[in-house]
Every structure is written in structure tokens, then in C-alpha cells.
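Working notes for the structure below.
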Amino acid sequence: MATRSPYTHIRVKLPSFVVAVLRHRADEKHVDVSAVVERLLVENIWLDELQRVAAKTPDVGEAFNEWMRLAVRGSEAPSGTRRT
């Protein structure tokens, strides 16, 4: 049984200076900008908020569980990781 990716692609409009800082951080950490943005956002989501949203939208809980499974298992590199 194939599992769905826990990732969704979106387009966001950001100020140019923010993009420059994100790119700088990504270069320093040898990851893609998406990994930097993901980290910033995930660090700002509290468990109680996630639980409230997941209670209303089952797909959210499933996506979180799949994301966590991949992170714990370590079988795939985190989003945006550059392989050198």
C-alpha cells in the first residue's frame, strides 16, 4: 500500500530581503530553502494547535503521522536536504 507524501507544494510571496536571508541560512546549512522554511514553521506549531486542527480535518493528522514516521525512521532525507 503506497503512502501519501506528507508534503504539499504552495507558492508564497515574500519580501526580497526575507528570501535573501533564507537562502543564506540554507547555504550555511547545506539544505534547500524549503528545509529552512519548514524548520521555522514547525518550530512554531504547538501540539495543542495541531490536535485541534487534526480533530477537524483527519487528513492533517494522517499527514503529521506520515511526516513523523519519515523523520523517525530516517529512511528519507528531511525536506530540502542537499545530498553532497
Checklist entry - Given the conditions (1) surrounded by 12 or more Cβ atoms within 10 Å (Cβ to Cβ); (2) under 17 Å from Phe64 (Cβ atoms); (3) of a type in the set (Val, Ile, Thr), which single one is not true for Val37? => result (2)
Item to check | Checking Val36 against (1) modelled with pLDDT of 90 or more; (2) in contact with a Ser or Thr (Cβ under 9 Å, 6 or more places away or on another chain), the condition it does not meet | outcome: (2)
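Rundown of residues vs (1) assigned to a helix (DSSP H, G or I); (2) modelled with pLDDT under 90, yes/no style:
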| residue | (1), (2) |
| --- | --- |
| Ile10 | no, no |
| Lys13 | no, no |
| Arg52 | yes, no |
| Ala63 | yes, yes |
Checklist outcome for this item: Those residues of the range 9-47 which are of a type outside the set (Asp, Glu) and in contact (Cβ under 8 Å) with a residue 12 or more places away in the chain amount to Val19, Leu22, Ala26, His30, Val31, Val33, Ser34, Ala35, Val36, Val37
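The values are calculated or read from the model by the stated rules, or taken from the named source; none is laboratory data. Treat the numbers as computed from the prediction; the structure is a model and nothing was measured. Methodologically, a virtual Cβ is constructed for each residue, glycine included, from the backbone with ideal geometry; neighbour enumeration extends over all protein chains shown.
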